[in-house]
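Here, each number is a calculation from the coordinates, and none is a lab measurement. No experiment lies behind these values; they were computed from the predicted model shown. Note that we place each Cβ from the backbone using ideal geometry, even for glycine, and neighbour counts take in every protein chain shown.
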Amino acid sequence: MGNNYDHLASLKDKEFTILEKLSKNDTTESEKNQLIKELEQVREEIARLR
């Protein structure tokens, strides 16, 4: 059970990092699109774990 919590915690960290990058003004449109795709994947995996 602890392993799922560790994995969930690392996904939440990744989600936060992606959101942080998206909030910066120096991100190009193409980088933003890639980050949004990554964010969707991370959130889908978080939803599966819950």
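Whether any residue in the stretch 29-50 is exposed (fewer than 11 other Cβ atoms within 10 Å of the Cβ), touching a residue at least 40 places away in the same chain (Cβ under 8 Å) and of a type in the set (S, T, N, Q) is what I want to check.
There is no residue in the stretch 29-50 that is exposed (fewer than 11 other Cβ atoms within 10 Å of the Cβ), touching a residue at least 40 places away in the same chain (Cβ under 8 Å) and of a type in the set (S, T, N, Q).
Please state which of the following conditions ASN25 fails to meet, knowing it meets all the rest: (1) surrounded by fewer than 11 Cβ atoms within 10 Å (Cβ to Cβ); (2) in a helix (DSSP H, G or I).
Every condition holds for ASN25 apart from (2).
Quick check, is ASN4 touching a residue at least 40 places away in the same chain (Cβ under 8 Å), surrounded by fewer than 13 Cβ atoms within 10 Å (Cβ to Cβ) and assigned to a helix (DSSP H, G or I)? Talk me through it step by step, then tell me what you get.
Values: touching a residue at least 40 places away in the same chain (Cβ under 8 Å): yes; surrounded by fewer than 13 Cβ atoms within 10 Å (Cβ to Cβ): yes; assigned to a helix (DSSP H, G or I): yes.
Against the criterion (touching a residue at least 40 places away in the same chain (Cβ under 8 Å), surrounded by fewer than 13 Cβ atoms within 10 Å (Cβ to Cβ) and assigned to a helix (DSSP H, G or I)), ASN4 qualifies.
Going by the conditions given, is THR17 surrounded by 11 or more Cβ atoms within 10 Å (Cβ to Cβ) and without any contact (Cβ under 8 Å) to a residue 24 or more places away in the chain?
Working: surrounded by 11 or more Cβ atoms within 10 Å (Cβ to Cβ): yes; without any contact (Cβ under 8 Å) to a residue 24 or more places away in the chain: yes.
So THR17 passes the test.
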